[in-house]
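Laboratory data are not the source of any read-out in this text; all were calculated from the coordinates shown. Note that the coordinates shown come from a computational prediction; the quantities given were computed from them, not determined experimentally. Positions of Cβ are backbone-derived with ideal geometry, glycine not excepted, and every protein chain shown enters the neighbour counts.
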Amino acid sequence: MEFDETALGGLIGESQDTHADALRAAREPLRDMVDLGQQARAGGGLDPEENRAFARENSRRLAATARRAGGLLAGAGIIAAVAEFIGRPAFAASGTDVQVLQTASSIEVLAVSTYKTALGLPYIGGSAANPVIKAFATTTLKQHFEHLAAFQAATTALGGAKQGKPDPAFVPVVDNAVAAITRAPAANGPLLVVALALELENIAAETYVNNMSLLSDANAKKLTASIMGVEAQHVAILYAVQALLKAGDAADITLPPPAAKLPAAAGSVGFPNAFYPTSKAAPATQGATS
Amino acid sequence: MSAGDPMHLSEAELRAMSADLDAMHHDLTLPALKSSLAEWTEEIQAGDTRRRGSFARRRFLTVTGGAAGAALLAACSSSSSTTAAVATSAGATASGAAMNGGEGQQLAGDLRVVALAASLENSGIATYAAGIKAATAGQLGTVPPAVVTFAQTAMSQHQDHQKAWNAVLIAAGKQPVTTVDPVVQPTINTAFAKVTNVTGLAKLALLVENTAGETYQNGLSVIKSTAGIKTAASIQPVEFQHAAILNFLLGNYPVPAAFTGVSSARRVSDYQV
């Protein structure tokens, strides 16, 4: 089936209608959070001891994560970065929900930056790039930007400082991956970009899944729940794209794909887990502001 | 992955890649789920103990503890064969047969959410089972192999979800819910009667997946137990992944919104058990 870029534009337009409905699901909790944040501050603020305990617990989780880290996280520099970070717990001044939301923001900052970089590559964002991959990267960048704005708004609504910096533990990993992508021949570039995007999307999805049982504010939970499934959807599509690229079937990355031509195993490659894992989840305080 | 190595995958290699991902699921995901379910079981048993007193506690642990353990074990293992009966029953329901498993238990609180979730999973299983049956009978025309794999895998994952929820009910001394969702199922049945090809089936499956994902998302605001939240949170993204792949296959943009909503969620309040 031939790709019709105009039709894709229309589909994205339709999806934005759906988005408008879903946006309400994010806006309502944010609006409520503004009210609750004001009440909390009026009531004497946050419990410092509770926050310090939360930070200590997450320092332990950070160390465990570093030991278990797989994929790109196992690359050079990550263990050292995590160890250094453990040595300077900089988060005890904020409420636990604020720290969780700041960490979520820091992951979104990294995702926005990475997709921006990817779209600067000719085989992702150039005129000769696969139009479906280009549209996916463009739309996903926009979605992460919206997630970032939402997490930042939630943070300030709860009385915290907006986090605009990337998660420090993952920065060296992304930097190394981007350097490798830049050096790679163009023929191999798309696979490397997809691998990096997959790593980040999985970290985001798993972190938010994990955060659901850590957050105490009902609206912060609602907001996080409205985002984690979207990151998981990014993962599903990236797995499918990765499989087609690895099979040398980049031409089949169309919307819709030529289903009759696809190998049987392609039908399930996008959702390998019946239950979403959390082994790659960032410790909840890892991206909290100092 | 080396930056200098071009990679090409055969069907066998792609299968191996899927197997690796599946192995990862069993190495990493299932132990975490077991832990959440065990934690929830303990919470439920503790709550039950407070209500019934020490004599009742001993009886509860003796009678339901073994059943809960067995159910947890089943819930956390592969679903390929052990849930065939559920799938068959649910498939029969999709085509009109009646079921009443798990109804009339007067459930409340988290357990009511759990029962709703189990019933919704039964509807998902029923939809895929009926679709696979129709495809096998040649009623949907030519069915691409990738679509067959999608349906089989999605159904298997819904079976895993259903078993997880029912494990919680069993742990609480309740009956597992084996009946389909009473509110959604008539809509599914009506739509399924009009399905004549793979596209129609995919559209119906998309409705089911989005309803399930949104119901879990809504449930996350209702469930009180931390372990219950962990369980629901681990399932919601998977249902939305199914939806993304279905949208992709249908030619829709696969990630249509930056935020998922709850407008199609099944409300706990209208689930009568």
How far apart, in nm, are the 7 Å Cα→Cβ label points at A:THR138 and A:LYS261? 2.3 nm
Rg/Rh (Cα only; Kirkwood hydrodynamic radius) as it applies to region A:114-237: 1.01
Extend 7 Å from the Cα of A:SER290 along its Cα-to-C-beta direction; within region A:137-175, residues with backbone N under 19 Å of that point are A:161-173
Run through all the Cα pairs of region A:181-232 and give the fraction in each 5 Å bin from 0, expressed as whole percent. 4, 21, 20, 15, 10, 10, 8, 6, 4, 1
Residue-ordered couplings for region B:176-182, obtained by feeding phi - 60° into the Karplus form 6.51 cos²θ - 1.76 cosθ + 1.60 and rounding to whole Hz (Gly and Pro as x), are x, 8, 10, 8, 7, 5, x
What is the order of A:SER279, B:SER123, fewest Cβ neighbours within 10 Å to most? A:SER279, B:SER123
Between region A:190-216 and region A:252-287, the Cα center-to-center distance that results, in Å: 12 Å
Region B:150-210: radius of gyration over Cα atoms, expressed as a fraction of 2.2 N^0.38 Å: 1.34
Hey, which of these cross-link pairs are over 26 Å Cα-Cα: A:LYS261/B:LYS163; B:LYS133/B:LYS174; A:LYS165/A:LYS246; A:LYS134/B:LYS194; B:LYS163/B:LYS194; A:LYS134/A:LYS246? A:LYS261/B:LYS163; B:LYS133/B:LYS174; A:LYS165/A:LYS246; A:LYS134/B:LYS194; B:LYS163/B:LYS194
So, with points 7 Å from each Cα along the Cβ direction, the A:ALA128-A:ALA149 label distance in nm works out to 3.5 nm
With a point put 7 Å past each Cα toward its Cβ, work out how far B:GLU103 is from B:GLU39 in nm, to one decimal. 3.5 nm
